[in-house]
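Report on the following structure.
The values are calculated or read from the model by the stated rules, or taken from the named source; none is laboratory data. Values in this document were obtained by computation on a predicted structure and should not be read as measured data. Glycine gets a Cβ as well: all are built from the backbone with ideal geometry, and neighbour counts include every protein chain shown. Accessible surface is based on the protein model in full, side chains and every heavy atom, while ligands, DNA and RNA are left aside. Shrake-Rupley method; radii C 1.70, N 1.55, O 1.52, S 1.80 Å.
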Amino acid sequence: MFKIGVLVSGGGSNLGSIIDAIENKELNCSIEAVISDKPGVYALERAEAKGIKTFVVDKKEYKQETSNKILEILKDKVDLIVLAGYLSILNGEVLREFRDRIINIHPSLIPSFSGPGMYGIKVHEAAIKKGVKFSGCTVHYVNEEVDGGEILLQQVVPVNFEDTAKDLQQRILKEEHKLLPRAVKLISEGKVEIKDGKTRIIE
Ligand code: GAR
């Protein structure tokens, strides 16, 4: 069985979408661990309610060692690490050990509104300010460059003149909930090839 570890920082609705896809038998994999970078977040409750093992690797406590602690927990235990609303930056050895085996969901069409400091509602505020007509979400591989790894899946979402950042966030989140389980499914079925900084989906 394909095994994943899921990293979270907040509400965990994207984690919820993976749990739902597994329960609905759309996705054949098991969540071995959910790791949060802060205590008390709702994502941890979601996982515990389903009997999934949870860990808090508090970045306030672990600081520069956060990524190494995550590696210690997940090494040899999972096939893929999924960043599902994880708002810290991974660095160091975990990126080498899990090369091409870490994915992230980002709430814009990368490379727009991405990179250091662009996360959560800030992404949508920037999109609204710029007046883009379309935004969306992206699942991409994770490497040393923030939001810079190979793009796996993207979904376009229209932006209306009257939208607030929150309106856009909600509209995009709905699409994230389809995109992320689909990405995990494609990888778990061996249908993704990475070549020359790009991905090819073999279906
Ligand atoms: C999601 O919109 C996700 O794309 C975003 O945080 C939100 C978490 O929601 N991630 C980033 O901005 C990463 N740069 P969730 O906790 O309900 O899944």
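Filtering segment 115-135 to residues that are away from the ligand (no atom under 11 Å from the Cβ) and outside any helix (DSSP H, G or I) leaves G131, V132, K133, F134, S135.
Within segment 174-199, being farther than 16 Å from H140 by Cα and within 14 Å of the ligand (Cβ to nearest atom) holds for one residue alone: K174. Scan segment 129-140 and tell me whether some residue there is surrounded by 16 or more Cβ atoms within 10 Å (Cβ to Cβ) and in contact (Cβ under 8 Å) with a residue 60 or more places away in the chain. Scanning segment 129-140, I find no residue that is surrounded by 16 or more Cβ atoms within 10 Å (Cβ to Cβ) and in contact (Cβ under 8 Å) with a residue 60 or more places away in the chain, so the answer is no. Filtering segment 157-200 to residues that are open to solvent by 40 Å² or more (accessible area, probe 1.4 Å), more than 17 Å from the chain's Cα centre (by Cα) and in contact (Cβ under 8 Å) with a residue 40 or more places away in the chain leaves K166, I194, G197, K198. Scanning segment 21-35 for residues that are in contact (Cβ under 8 Å) with a residue 12 or more places away in the chain and open to solvent by 40 Å² or more (accessible area, probe 1.4 Å) returns E26, N28, E32. Among residues belonging to segment 11-20 that are buried (at least 18 other Cβ atoms within 10 Å of the Cβ) and more than 7 Å from the ligand (Cβ to nearest atom), point out the one that is farthest from the chain's Cα centre (by Cα). The qualifying residue farthest from the chain's Cα centre (by Cα) is I19.
The residue that is farthest from the ligand (Cβ to nearest atom), counting only those in segment 55-114 that are more than 24 Å from V192 (Cβ to Cβ) and in contact with a strand residue (DSSP E or B) (Cβ under 6 Å, 6 or more places away or on another chain), is I73. Please work out which residue is farthest from L179 (Cα to Cα), limiting yourself to segment 36-92 and to residues that are aromatic (F, W, Y) and open to solvent by less than 80 Å² (accessible area, probe 1.4 Å). Among residues in segment 36-92 that are aromatic (F, W, Y) and open to solvent by less than 80 Å² (accessible area, probe 1.4 Å), the one farthest from L179 (Cα to Cα) is Y62.
The requirement of being within 12 Å of the ligand (Cβ to nearest atom), part of a loop (DSSP other than H, G, I, E, B) and of a type outside the set (S, T, Y) is not satisfied by D163.
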